Amino acid sequence: MNILEFSLLIFIGSFIAGLLGSLTGLGGGVVIVPLLTSVFGVDIRYAVGASLVSVIATSCGAASAYIKEGYTNLRIGMFLEVATTTGAIVGALIATFVSVKALTVVLAVVLLYSAYLSGQPKPETPESESTDPIAIHLRLNSTYPTPNGLMSYQVHSVPVGFGVMWIAGVLSGLLGIGSGAFKVLAMDQAMRLPFKVSTTTSNFMIGVTAAASAGVYLARGYIDPGLSMPVMLGVLPGALLGAKVLVGAKTQLLRSVFSLVLALMAFKMVYNSLSGGI
């Protein structure tokens with residue numbers, strides 16, 4: 001395989017990753033890292049570096065469209081970024097002290113959990129009452145567009161969501177996956193936000209989280225321009241297309257397919273790790 005074929009295949013895979021990451025809010029990194037390591041044999045730390053670049057591209061490509069449409073809750077996003085950014089820096093600092101095999105197994109576990117999360121149905125109707133004084137004080141409650149007009153929603157369990165976001169940040173810095181699954185988990189399950197608000201706000205946040213840890217990887221020489229460029233060029237148009245599709249899409253079928261893909265990749269990475277393929 002020559003360099004042109006290698007770059008073209010990475011571009012195609014990255015385009016699909018950007019599309020799925022934009023639609024589901026899980027971030028393209030959950031596809032990019034196992035794709036580069038399992039299929040193309042890239043060292044996981046360089047794969048993580050390229051993934052962080054792709055996650056920033058995904059966020060930049062999709063976030064502006066989602067904000068314009070009125071789905072993203074900027075107040076929640078900026079508030080929770082305090083947790084994810086500090087967690088991302090911690091994760092990036094300890095990443096080089098973890099063995100490649102251990103890092104691969106941890107990534108596989110995260111992929112499996114992301115697969116489980118992706119396959120779960122999410123209610124579209126938000127709960128109307130909130131007893132969280134923090135949400136009220138910070139004015140986190142908001143509205144989002146629906147076919148029937150703007151619908152209001154209330155934010156719950158802000159401290160729990162903040163804690164889960166810190167863990168999401170550590171995983172982002174450690175594994176380079178954007179940790180969108182845990183961001184969506186925190187907002188969907190703990191804070192009980194509507195599904196589209198959770199995914200779009202997650203897309204907005206993952207770029208900031210990834211940028212916080214990408215600087216550490218860049219300083220340590222783990223971001224290769226020759227690898228990162230086709231990844232970014234593929235992810236960006238995929239994310240822009242995903243942003244256009246999400247507004248009118250029913251994503252449950254897509255999430256189920258994505259869940260299966262994640263599970264298959266996780267098992268393949270575990271097999272490669274145990275057999276010495278990584």
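Read the figures in this text as sums done on the coordinates, not as results from a lab. Just so we're clear, the structure is a prediction, and the values are computed from it rather than from any experiment. Virtual Cβ from ideal backbone geometry, glycine too; neighbours counted across all protein chains shown.
From the largest down, the chain spans 55, 35, 30 angstrom on the principal axes of its Cα atoms.
The gain in end-to-end length when the residue 12 to residue 143 segment is fully stretched comes to 43.6 nm, 0.36 nm per residue minus the alpha carbon separation. This model, with +1 at the C-beta of Lys and Arg and -1 at the C-beta of Asp and Glu, gives region 3-275 a dipole about its Cα centre of some 80 debye. Averaging the sequence gap over all C-alpha pairs within less than 8 Å and six or more residues apart, then dividing by the number of residues, gives the chain a relative contact order of 40 percent.
Here r is the Cβ-Cβ distance between residue 245 and residue 151 and R0 is 22 Å; the resulting FRET efficiency, rounded to 0.05, is 0.60. For the chain, the longest principal axis of the Cα atoms and the long axis of helix 3-24 meet at an angle of about 20 degrees. For region 12-32 versus region 158-173, the spacing of their alpha-carbon centroids is 21 Å. Couplings for region 213-226, taken from phi via the Karplus curve 6.51 cos²θ - 1.76 cosθ + 1.60 with θ = phi - 60°, read 9, 5, x, 5, 5, 5, 5, 8, x, 9, 10, 9, x, x Hz in order; Gly and Pro are left as x. Please work out whether region 37-99 counts as rounded, prolate or oblate from its C-alpha gyration tensor, where a ≥ b ≥ c are the square roots of the eigenvalues and a/c under 1.5 means rounded, while otherwise a/b larger than b/c means prolate and anything else oblate? Judged from the Cα gyration tensor, region 37-99 comes out oblate (a/c at least 1.5, b/c at or above a/b).
Proximity of backbone amide H atoms, modeled 1.01 Å from N, is registered between residue 151 and 144, 146 at under 5 Å, excluding neighbours fewer than 5 places apart on the same chain.
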